[in-house]
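Asks: Mind having a look at this structure? Questions to follow.
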Amino acid sequence: MEAIVRARAAQQWPARIAAVISNKPDAKGLEFAKAHGIPTAVVDHKAFASREAFDAALQQAIDGYQPDLVVLAGFMRILTCGFVAHYAGRMLNIHPSLLPLFPGLHTHRQALAAGVAEHGATVHFVTAELDHGPGVLQARIPVLPGDTEDSLAERLLAEEHVIYPQAVRLFVEDRLSIVDGEVRIAETTSF
């Protein structure tokens, strides 16, 4: 989230960040957002008896800010089909693997166990199937001899901080479309 906020400011995208909403009252991102003049809200998932009730409250909070795009950043909860459908084609997530490889948790461990030569991250549109939405951008890094989950995660995080803001900017510039389940990126025109 911080990388996206900083990229938007530095590159002067024609967009506003409507709000930062967290399901954790102590999330550090809330402090960062407040320090940058971005409205914040908390919808604590622990206050709800069901996933559906939480998602309904989260949707209401999000819709109150009228965003064109919902960007999941560090949000580690599985969303209901109804919630995902409400934001179809306008909700992005980043996953630390070269999807479709290694969906779900512990991706760095999975990559090392599989003995792959390269690992990476994928920015994708969110669909009801976990970590299977149409991919927007990927970053690739080599798996080095002696890599651990931590070293792989650290090197990959730097790349995630590049591609996630790029993908959001592509959306802001109306350059992304989904055609037959695949993302198309429109070229820019220069005069």
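The values are calculated or read from the model by the stated rules, or taken from the named source; none is laboratory data. Predicted model only: the values in this text are computed from it and were never measured. Every residue, glycine among them, receives a Cβ derived from its backbone with ideal geometry; neighbour counts consider all protein chains shown.
Asks: Tell me whether the stretch 77-93 contains one or more residues that are out of contact with any Ser or Thr (no Cβ under 8 Å at 6 or more places or on another chain), at pLDDT below 95 and outside any strand (DSSP E or B).
Replies: yes
Asks: Right, something else. Provide a single number: the residues in the stretch 174-190 that are of a type in the set (Ser, Thr, Tyr) and surrounded by 17 or more Cβ atoms within 10 Å (Cβ to Cβ).
Replies: 0
Asks: Determine whether the stretch 89-105 contains at least one residue that is in contact with a Gly (Cβ under 9 Å, 6 or more places away or on another chain), among the polar types (S, T, N, Q) and within 19 Å of residue 135 (Cα to Cα).
Replies: Yes, some residue in the stretch 89-105 is in contact with a Gly (Cβ under 9 Å, 6 or more places away or on another chain), among the polar types (S, T, N, Q) and within 19 Å of residue 135 (Cα to Cα).
Asks: Hey, any hits in the stretch 26-35 for a residue that's touching a residue at least 40 places away in the same chain (Cβ under 8 Å) and surrounded by 12 or more Cβ atoms within 10 Å (Cβ to Cβ)?
Replies: Restricting attention to the stretch 26-35, the residues satisfying the condition of being touching a residue at least 40 places away in the same chain (Cβ under 8 Å) are 27, 29.
Then drop every residue that is not surrounded by 12 or more Cβ atoms within 10 Å (Cβ to Cβ), which leaves 27, 29.
Checked against the condition, which is being touching a residue at least 40 places away in the same chain (Cβ under 8 Å) and surrounded by 12 or more Cβ atoms within 10 Å (Cβ to Cβ), the stretch 26-35 yields at least one hit.
Asks: Residues of the stretch 108-158 being β-branched (Val, Ile, Thr) and assigned to a strand (DSSP E or B), which ones?
Replies: 122, 123, 136, 141
Asks: Does residue 56 fit the bill of being in contact with a helix residue (DSSP H, G or I) (Cβ under 9 Å, 6 or more places away or on another chain) and either among the β-branched types (Val, Ile, Thr) or not in a helix (DSSP H, G or I) (or both)?
Replies: no
Asks: A further question on this structure: Please find, among 76, 91, the residue that is surrounded by 16 or more Cβ atoms within 10 Å (Cβ to Cβ), among the aliphatic types (A, V, I, L, M) and closer than 28 Å to residue 139 by Cα.
Replies: After ruling out the rest, the residue left standing is 91.
Asks: I've got another one for you. Between 169, 140, which is among the basic types (Lys, Arg), touching an Asp or Glu at 6+ places or on another chain (Cβ under 8 Å) and under 23 Å from residue 4 (Cβ atoms)?
Replies: Being among the basic types (Lys, Arg), touching an Asp or Glu at 6+ places or on another chain (Cβ under 8 Å) and under 23 Å from residue 4 (Cβ atoms) holds for just one of 169, 140, which is 140.
Asks: Still on this structure, please answer the following. Looking at 171, 83, 125, 102, which one is among the aromatic types (Phe, Trp, Tyr), touching a residue at least 60 places away in the same chain (Cβ under 8 Å) and surrounded by 14 or more Cβ atoms within 10 Å (Cβ to Cβ)?
Replies: None of the others qualify; the one that does is 171.
Asks: Please verify whether the stretch 98-108 includes one or more residues that are closer than 21 Å to residue 20 by Cα, of a type outside the set (Ser, Thr, Tyr) and modelled with pLDDT of 95 or more. So that I can check it myself, show each step before the final result.
Replies: First, the residues of the stretch 98-108 that are closer than 21 Å to residue 20 by Cα: none.
Scanning the stretch 98-108, I find no residue that is closer than 21 Å to residue 20 by Cα, of a type outside the set (Ser, Thr, Tyr) and modelled with pLDDT of 95 or more, so the answer is no.
Asks: Residue check: is residue 46 of a type in the set (D, E, K, R), in a helix (DSSP H, G or I) and over 25 Å from residue 15 (Cβ atoms)? Don't jump to the end; show me each part of the working.
Replies: Working: of a type in the set (D, E, K, R): yes; in a helix (DSSP H, G or I): yes; over 25 Å from residue 15 (Cβ atoms): yes.
Judged against the criteria, residue 46 is a match.
Asks: If you don't mind, another one. Please go through the stretch 40-55 and give me each residue that is more than 26 Å from residue 2 (Cα to Cα) and surrounded by fewer than 16 Cβ atoms within 10 Å (Cβ to Cβ), ordered by number.
Replies: Quick first cut of the stretch 40-55, residues more than 26 Å from residue 2 (Cα to Cα) only: 47-53.
Listed by number, the residues that qualify are 47, 49, 50, 51, 52, 53.
Asks: Examine the stretch 12-19 for a residue that is in contact with a Lys or Arg (Cβ under 8 Å, 6 or more places away or on another chain), in a helix (DSSP H, G or I), at pLDDT 95 or above and within 24 Å of residue 162 (Cβ to Cβ), and state whether such a residue exists.
Replies: no
Asks: If you don't mind, there's one more thing I want to ask. Of the residues in the stretch 39-55, how many are under 20 Å from the mean Cα position of the chain (by Cα) and among the hydrophobic types (A, V, I, L, M, F, W, C)?
Replies: Here the count works out to 4.
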